[in-house]
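Undergrad: Quick one: the structure is below, questions incoming.
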Amino acid sequence: MSELLQQYWPLFIDGALHTILSSVIALVLSLLIGTIMGITQVSTNKWLRGFANVYVEFFRNIPLLVIVMFFYVAIPMYLFNISGFWAGTIGLTIYTSSFIADNVRAGIETVPKGQMEAGLSQGLKRSNIMRHIILPQVFRIVIPPLGNQFINLVKNSSILAMVAGLDLMYFGDFVAMETFNTFDTYLLVGGMYLAITLPLTYAIKKLELKLGIHDN
Amino acid sequence: MKWMKHKLLGFSILLMTLVLVGCGEAVAEVDIGTRIQTEETPVLTWGVKADTNLFGFYNIQSSKIEGFDIDIASALTDEMTNGNGIADFVEVTSKTRIPLLKTGKIDGILATMTITEEREKQVDFSDVYFNGGQSLLVPEDSEINSIEDLTEEHTVLAIKGSSSTQNMRELSPQVEVLDLENYSEGFVALQSGQGHALTTDDAILLGMIDQNPNYRLAGQSFTEEPYGIAINKGQDFFHEQLEAALDTIQGNGVYDEIYEKWFGEILPAGAPGSPSTSTTGAAEPALDESGDE
């Protein structure tokens, strides 16, 4: 296995960098979109709420591969050119954001309704109550499920291999084919994913402890 | 209780390692040749393509895989088992076929597989059963007319684990080569403009043109791709039987009939893909003995 690494390390490093880059971009964007969608799901506006619900239920319930293939194949065919890397990253962002939105919505719903009513009776605006009273609590509640989403996101980024996205899995496939040493190659690739996800898991655990999530 | 947790963890890791190592080593150990002779209705499992028009293509109406490779596999199975055996088909891709063979999930590979030196270190090959040649598929209005027209501006799509992707990287190192999962994905990627050309064997590309007339081959084929049937190393008796069966069907006209059925209209006599045996009718089993170029 060390021979594999010795001979192909530039490919593995290149792949790992693409995997990390794609994951970071998708993580930031999906957190942003997911939070907005989650809040919109509990909006008082019927149309906004409907839109967010459709978005979440649609993307949450179709395979990631379908979303990625859509961006890889359909968009360049009718609109503009898009590489496998970006098709994969956009697909990943949309897919993950629908799960995050659901986590955020669930988080908001765990905050007792009385807090919103109390705020309203004090003459505060809905948006202010949301921002200053409810969301800070939601943030603490959703950290553990969000951690799961982030880890899933890193692993799901292997979908890039399907659309020649030059990620770790893509080069893993390449090396496996070139050396015929399928077993060792995928073991190595698995180890490299672990090297990315384990520190992430650790960081999330730290954050949970710091926020005292397990205290109550 | 803490020590127990650790022990359990250690034990599960050990178990997992054992299972994984077991998977890696498990090559079918019984000689398939012996199995054919002792079992009453032996089942031979062939790894075939399901996305390659003319060679192995899943027909939705009959819900069966059909093609040249499938008919050859059936004919060989009949020949080896005197008509008592059953040919079973498992879908493979260029990426999965060798691992599946090595783990014993399939007995042989009949999946547009080129005989190469590298692969011969991993598997045993039969004599050549089809002569392919690598070519480029481009849209009708493309400016690419041969492999020489490719520059660093071009992206060529290829299929993971195929010999054509390796050839492409060696012959035109300046070109960006992107590997996709299988032929259908490769073709769809070409259609959506993810690459300027798709490269693989001409007979496969002709099969695509057959279904999508807006595409053409860019010039002559630039490599020779002799297809062989791959089996595991150490299956000497099975190898002999296979070789004999291949000789027989190439001699008695069965091979020619199958060839005519699939390529009669598409590959004119003398075209790059047609093997020497088919034009002469019968006789001469697999002329090129040295199937490793």
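Read-outs: derived from the displayed coordinates by stated rules, not from any lab. This is a predicted model, so every value here is computed, not measured. Ideal geometry is used to build each Cβ from the backbone, glycine not excepted, and the neighbour counts take in all protein chains shown.
Undergrad: Shielding of B:181-192 by partners, i.e. mean partner chain Cβ atoms within 10 Å per residue?
TA: Details: counts 5, 0, 0, 0, 6, 1, 0, 5, 7, 0, 3, 11.
Partner-chain Cβ atoms within 10 Å, mean over residues of B:181-192: 3.
Undergrad: Still on this structure, please answer the following. So, R0 is 25 Å and r is the distance between the beta-carbons of A:Lys155 and A:Asp14; what FRET efficiency does that work out to, to 0.05? The partial results should precede the final answer.
TA: Numbers: r = 19 Å, r/R0 = 0.76.
That gives a FRET efficiency of 0.85.
Undergrad: For a quick check: with amide H placed at 1.01 Å from N, whose amide H comes under 5 Å from B:Gly132's, ignoring anything fewer than 5 positions away on the same chain?
TA: Amide H neighbours of B:Gly132, under 5 Å, 5+ apart: B:Glu225, B:Tyr227.
Undergrad: Now for a different question. Take every residue in peptide A:178-186, count the Cβ atoms of other chains within 10 Å of its Cβ, and give the average of those counts.
TA: Averaged over the peptide's residues, the number is 4.
Undergrad: Once both labels are modelled 7 Å past Cα along the beta-carbon direction, what's the B:Glu152-A:Ala106 spacing in nm?
TA: Taking the two extended label points, one gets 5.1 nm.
Undergrad: Once both axes come from the Cα atoms, what is the angle between helix A:46-60 and the longest principal axis of chain A, in degrees from 0 to 90, rounded to 10?
TA: Long axis of A:46-60 versus the principal axis of chain A: about 30 degrees.
Undergrad: Follow-up question, since we're still on this one. Order these peptides, A:39-50, A:58-69, B:247-258, B:226-237, by their mean beta-carbon neighbour count within 10 angstrom, highest first. Please list the in-between numbers first.
TA: On the way: A:39-50: 14.0, A:58-69: 15.8, B:247-258: 18.0, B:226-237: 20.8.
Per-residue mean Cβ counts within 10 Å order the peptides as B:226-237, B:247-258, A:58-69, A:39-50.
Undergrad: Please enumerate, by chain and number, the lysines with C-alpha under 28 Å from the C-alpha of A:Lys205, excluding those fewer than 8 residues away in the same chain.
TA: Of all the lysines, those that pass the test against A:Lys205 - Cα under 28 Å, at least 8 places apart if same chain - are A:Lys155, B:Lys2, B:Lys5, B:Lys7.
Undergrad: If you don't mind, there's one more thing I want to ask. Calculate the dipole size of the protein assembly as shown relative to its Cα centre from +1 charges on Lys and Arg beta carbons and -1 charges on Asp and Glu beta carbons; express the result in debye to the nearest 20.
TA: On the way: 30 positive and 61 negative charges, 1077 e Å.
The calculation lands at about 5180 debye.
Undergrad: Ok, one more. I need the phi-derived Karplus couplings for the stretch B:138-146: 6.51 cos²θ - 1.76 cosθ + 1.60, θ = phi - 60°, integer Hz, Gly and Pro marked x.
TA: So the Karplus estimates, Gly and Pro as x, are 9, x, 3, 8, 6, 8, 7, 10, 6 Hz.
Undergrad: For the pair B:Lys105 and A:Thr179, what calculated FRET efficiency results from E = 1/(1 + (r/R0)^6), where r is the Cβ-Cβ distance and R0 = 22 Å, to the nearest 0.05? Could you put the intermediate results ahead of the total?
TA: On the way: r = 20 Å, r/R0 = 0.92.
About 0.60, to the nearest 0.05.
Undergrad: Grab the DSSP H runs of the protein assembly as shown that are 4 residues or longer, score each as -39,500 (n - 2.57), total them, divide by all residues and round the 222 nm result to the nearest 500 deg cm²/dmol. Let's see the in-between values first.
TA: Numbers: 21 runs with 281 residues, N = 509.
After summing the helix terms and dividing by the residues of the protein assembly as shown, the value is -17500 deg cm²/dmol.
Undergrad: Let me ask something else about it. Whole-Hz Karplus ³J(HN,Hα) for the stretch A:125-137, in order, using 6.51 cos²θ - 1.76 cosθ + 1.60 and θ = phi - 60°, x for Gly and Pro?
TA: 7, 3, 5, 5, 4, 4, 6, 9, 10, 7, 4, x, 6
Undergrad: Okay, next question. For the protein assembly as shown, give me the percentage of DSSP beta bridges that are antiparallel, rounded to the nearest 5 percent.
TA: Working: 20 of 35 bridges.
Of those bridges, close to 55 percent are antiparallel.
Undergrad: Output needed for the stretch B:109-179: three equivalent-ellipsoid semi-axes, defined as square roots of 5 times the C-alpha gyration tensor eigenvalues, in descending order, whole Å. Don't skip to the answer; put the middle values down first.
TA: Values: eigenvalues 143, 38, 19 Å².
Each semi-axis is the square root of five times an eigenvalue, giving 27, 14, 10 Å.
Undergrad: Take peptide B:163-170, look around each residue's Cβ out to 10 angstrom, count Cβ atoms belonging to other protein chains, and average those counts. It would help to have the intermediate numbers written out before the result.
TA: Numbers: counts 1, 0, 3, 2, 0, 0, 1, 0.
Partner-chain Cβ atoms within 10 Å, mean over residues of B:163-170: 1.
Undergrad: Simple spin-label model, 7 Å along Cα-to-Cβ: B:Leu171 to B:Gln122 in nm?
TA: That separation, rounded to one decimal, is 2.1 nm.
Undergrad: In terms of Cα to Cα distance under 20 Å, which lysines are near enough to B:Lys95, apart from those fewer than 8 places away along the same chain?
TA: Straight-line reach from B:Lys95, under 20 Å: B:Lys49, B:Lys105, B:Lys121, B:Lys160, B:Lys233.
Undergrad: Roughly how tilted is helix A:168-179, in degrees to the nearest 10 and between 0 and 90, from the longest Cα axis of chain A?
TA: 20
Undergrad: For the protein assembly as shown, what ratio Rg/Rh do Cα atoms give with a Kirkwood hydrodynamic radius? Write down the numbers at each step before the final one.
TA: On the way: Rg = 27.8 Å, Rh = 26.1 Å.
Using only Cα positions, Rg/Rh for the protein assembly as shown is 1.07.
Undergrad: For the peptides A:6-13, B:161-168, what is the packing order when you average, over each peptide's residues, the other Cβ atoms within 10 Å and list the highest mean first? Display every interim value, and only then the final one.
TA: On the way: A:6-13: 13.5, B:161-168: 23.5.
Answer by packing, highest mean first, reads B:161-168, A:6-13.
Undergrad: Based on alpha-carbon atoms only, what is the radius of gyration of chain A relative to the globular estimate 2.2 N^0.38 Å?
TA: Values: Rg = 20.4 Å, N = 216, 2.2 N^0.38 = 17.0 Å.
With N residues counted in chain A, Rg over 2.2 N^0.38 Å equals 1.20.
Undergrad: Using 0.36 nm times the number of residues separating B:Asp236 and B:Ser184, minus their current alpha carbon distance, what extension gain do you get? Walk me through the numbers on the way to the answer.
TA: On the way: separation 52, 0.36 × 52 = 18.72 nm, distance 3.53 nm.
Difference between extended and current length: 15.2 nm.
Undergrad: How large is ³J(HN,Hα), in whole Hz, for each residue of the stretch A:145-156 in order, when computed from phi with the Karplus curve 6.51 cos²θ - 1.76 cosθ + 1.60 and θ = phi - 60°, using x for Gly and Pro?
TA: For the stretch A:145-156, the Karplus curve yields x, 5, x, 4, 4, 5, 5, 4, 4, 4, 5, 5 Hz.
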